[in-house]
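Below is one structure, written out as structure tokens, with a few remarks after it.
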Amino acid sequence: MDLFIVLIFIVGALVLAAVINSISTQNRIKRFIVKLKKNFGKLERKEYDPEKYTSYRGYFIRHLDDEGFIVDDITWNDAEGETLYTSINKSYSSCGDEYLYYRLRHIDIDTSKEERDRFIYQTDSLILDEVNRIKLQLNLATLGKTGRHSVFEYISLLSKVKRVPLILFYIVWIVYALIIASFFYNVTLGVCLTIVWMIVCVFIYLSHKKSVENYITSFEYIVRTIITAEKIAGLKVPYFDKECEELLKQRKELKGVKTSYLSFIKQSNRAGITDMMSGMTAIINCFFLIDIFFFYKMLKYVCEKEDAYDKIFEILGKIETQISVANLKASFENTCVPSFSDENVIKGVDMIHPLVNNCVANSFENKKGMLITGSNASGKSTFLRSVLVNALLSETVYVACAKEFSLRPSLLFSSMSLSDS
């Protein structure tokens, strides 16, 4: 009878915890939606944080050999690229963080007009379609971020991880089954064996966990990415129909990575919407080695299907990048879709620098070259940076902070803020 009361108490406590967790999650979601609505169409200059530098460069580094032109470090620094990136960025996932950085530093002058028009149409649709925009942001916020390092840093090292035979884990569980059977013979013996075997399992767990902990974290993010891809495809946003179709196609390529594994490989609450059950999961993993088992089970499969994951990451990143660009366009009264021509000319009408508060608009047209003169602190460098930044935004995300902006598709180079050696 006493045991029955204890069991009822435990079940009641778990149900209460689940109810509290559900209510808390719903309240967080509601507050988050209010925040998304309130902050959309607001751009503020955010200074670059060097500590986060490595976390959002992973996709960019992985794709350095892509076709197209990579904006060099000197030009990027002249444009205050890191500050520009952090100020524009409205991403809640690492996919958005990393793809936006890649997009701003990668110019594909051979992009077709059809591709440009589709990107612009999708971005403009996100400005008008608040319902689907918020649904997308909620899912991407649940995906969250990887932390200080890119998931691609870990994936690139996975092939070097020493494999452990899966039979080791089956032996662990068989021993647990035998120990349970021993309770029918002698309860005291069963308790003693359980304690001893749990200590052994903790030792095994800690010895393996130390060498694969960061990789388990990357697997957690890989599985979360796949779940997010499934959910976003399920939203059936009409102007992302091709992207949703491609997400489902690549998901089939990664069918060996089971989303059911996620509840056991959670390492921390880096998602925008957290989970109170992760502590209980950690205890189960410690005694039964489940997360490490799933790690070794998926290791070979993820290494072989790396390109499929890369494609899913790219699509999710592109969608969230377009949300950031939509926010940029909604932040200013005068933004425009740049026009591209074969003429050797660059022209701006009422052009401003997006990171300068109360910026004075300038108009210009340059066909052969331009000499800019003026006293110190009169705005010469700001004007040049305004041209550079708008040219960069025009060629990468197809938006300019001006009433009109036109240029010839070009490879961008600048040399403004060099330090003497």
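Just a few scattered comments:
- Counted as qualifying within segment 310-421 are the strands (runs of 3 or more DSSP E) with 2 or more residues that are surrounded by fewer than 15 Cβ atoms within 10 Å (Cβ to Cβ), namely 362-366.
- Once segment 184-199 is narrowed to residues that are assigned to a helix (DSSP H, G or I) and hydroxyl-bearing (Ser, Thr, Tyr), the residue that is surrounded by the most Cβ atoms within 10 Å (Cβ to Cβ) is THR194.
- Test: residue in segment 153-160 that is free of Cβ contacts under 8 Å to residues at least 40 places away in the same chain and not in a helix (DSSP H, G or I): no
- Any hit, segment 44-56, residues being in contact with a Lys or Arg (Cβ under 8 Å, 6 or more places away or on another chain) and either more than 27 Å from GLU395 (Cβ to Cβ) or among the aromatic types (Phe, Trp, Tyr) (or both): yes
- Checklist (1) closer than 20 Å to TYR301 by Cβ; (2) in contact with a helix residue (DSSP H, G or I) (Cβ under 7 Å, 6 or more places away or on another chain); (3) of a type in the set (Ser, Thr, Tyr) applied to SER182, failing item: (1)
- Only one of the listed residues (VAL202, VAL212, VAL223) is surrounded by 20 or more Cβ atoms within 10 Å (Cβ to Cβ), within 30 Å of ILE174 (Cβ to Cβ), at pLDDT 80 or above and of a type in the set (A, V, I, L, M). That residue is VAL223.
- Residue in segment 120-145 that is nearest to HIS63 (Cα to Cα), counting only those that are open to solvent by 20 Å² or more (accessible area, probe 1.4 Å) and among the β-branched types (Val, Ile, Thr): ILE120
- Set side by side, the residues LYS236, LYS252 differ, and just one is at positive phi, at pLDDT 80 or above and open to solvent by 40 Å² or more (accessible area, probe 1.4 Å), which is LYS236.
- First in segment 117-132 and on the phi < 0 side of the Ramachandran plot, second anywhere and part of a helix (DSSP H, G or I) and hydroxyl-bearing (Ser, Thr, Tyr), Cβ under 7 Å, 6 or more apart: TYR121/TYR239; GLN122/TYR239; SER125/TYR239
- Considering only residues in segment 19-67 that are exposed (fewer than 11 other Cβ atoms within 10 Å of the Cβ), modelled with pLDDT of 80 or more and part of a loop (DSSP other than H, G, I, E, B), the one that is nearest to the chain's Cα centre (by Cα) turns out to be LEU64.
The values are calculated or read from the model by the stated rules, or taken from the named source; none is laboratory data. Remember, it's a predicted structure, so these values are computed and weren't measured experimentally. Glycine also receives a Cβ, built like all others from the backbone with ideal geometry; neighbour counts cover every protein chain displayed. Calculation scope for accessible area: heavy atoms of the full protein, side chains included, ligands and nucleic acids excluded. Shrake-Rupley method; radii C 1.70, N 1.55, O 1.52, S 1.80 Å.
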